[in-house]
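Asks: Supplied in structure tokens, the structure appears directly below.
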Amino acid sequence: MRRAFPIFALLTAILLSYALYEALVAAPTEQTMGNVQRIFYYHVPSAWTAFLLFAVNFVASLWYLISRSSKADAIAIVTAEVGVVFCTVVLVTGPLWARPVWGIWWTWDVRLTSTLVLWLIYISYLMLRRFSTSGQTPVLAAALAIFGALDIPLVYFSIWIFRTQHPQPVIGGGGSIDSRMWHVLLINWLAFLCFAALICWSRYRLEILQRELEETQALESLLEPRSSR
């Protein structure tokens, strides 16, 4: 596994570079929006990646509540952290596109608002994990994560349920997309998925090592009074 990590990291770097070239140079320029449309090659894959990570967090949280598995808890916190990063990219790139197209940075559109709520829920999840010292913190965090995951379908289907300014989704939106643009979009999503997997892999290893260290320190603190006797 240690040998595989640098190889996977190198391949991911190459894929990210290729995806960058495809998005900024090779992809055709959209006739209506112009070059600002290229933000979609980062905005949309970031949203898909965030949703996938939050879905994994949901499954891991359920797994933890059922089995109390430390590995499930580690997976949950790692995917939440990385998911928040990609969701932040979504919230940053969205207004960057909206300003030249809509003429405003932000509007309280249902899609935008529900995405912000999703981000705030998982920020609350991370704050709970970081600052709470209660023994029930993992259980409370798992319950919060399951609640937060319920917002994911609302974010995606809000366009069909409510009237919204947000463009129709790429998948299931009923519109058409140039085959070359579709190719570039998928290449960028693949690159983002590999990058997310790389970060999760590294962060998971760190989380497991940290927990093993804490367990060792706790065991040593219990043995020290006995040895002093």
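The values are calculated or read from the model by the stated rules, or taken from the named source; none is laboratory data. These figures come from a predicted structure and were not determined experimentally. In this analysis, Cβ positions are derived from the backbone assuming ideal geometry, glycine residues included, and neighbour counts consider all displayed protein chains.
Results for (1) in a helix (DSSP H, G or I); (2) of a type in the set (Ser, Thr, Tyr), shown as yes or no for each residue.
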{"site": "Thr113", "(1), (2)": "yes, yes"}
{"site": "Leu116", "(1), (2)": "yes, no"}
{"site": "Leu126", "(1), (2)": "yes, no"}
{"site": "Ser134", "(1), (2)": "no, yes"}
{"site": "Ala143", "(1), (2)": "yes, no"}
{"site": "Gly148", "(1), (2)": "yes, no"}
{"site": "Leu154", "(1), (2)": "yes, no"}
{"site": "Ile159", "(1), (2)": "yes, no"}
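Asks: Residue check: is Trp97 surrounded by fewer than 18 Cβ atoms within 10 Å (Cβ to Cβ), among the aromatic types (Phe, Trp, Tyr), farther than 17 Å from Arg211 by Cα and touching a helix residue (DSSP H, G or I) at 6+ places or on another chain (Cβ under 6 Å)?
Replies: No.
Asks: Of all the residues that make up segment 49-75, how many are crowded, with 22+ Cβ neighbours inside 10 Å, closer than 24 Å to Thr93 by Cβ and out of contact with any Ser or Thr (no Cβ under 6 Å at 6 or more places or on another chain)?
Replies: The number of residues fulfilling the criteria is 3.
Asks: Only one residue in Arg68, Arg38 is at pLDDT below 95, of a type in the set (Lys, Arg) and in contact with a helix residue (DSSP H, G or I) (Cβ under 8 Å, 6 or more places away or on another chain). Which one?
Replies: Only one candidate qualifies: Arg38.
Asks: Within segment 89-111, how many residues turn out to be over 19 Å from Ile159 (Cβ atoms) and outside any helix (DSSP H, G or I)?
Replies: Adding up the residues that qualify gives 2.
Asks: Do we have Ala98 as in contact (Cβ under 8 Å) with a residue 60 or more places away in the chain and on the phi < 0 side of the Ramachandran plot here?
Replies: No: the conditions fail for Ala98.
Asks: Could you identify the single residue in Ala19, Ala50, Ala23 that is small (Gly, Ala, Ser), in contact with a Gly (Cβ under 9 Å, 6 or more places away or on another chain), closer than 18 Å to Ala191 by Cβ and in a helix (DSSP H, G or I)?
Replies: The conditions single out Ala50.
Asks: Something else about it: What pairs can you find where one residue is in segment 27-45 and under 12 Å from Arg180 (Cβ atoms), the other is assigned to a loop (DSSP other than H, G, I, E, B), and their Cβ atoms are less than 8 Å apart, with a gap of 6+ or different chains?
Replies: From segment 27-45, the pairs are Pro28/Asp178; Tyr41/Ala27.
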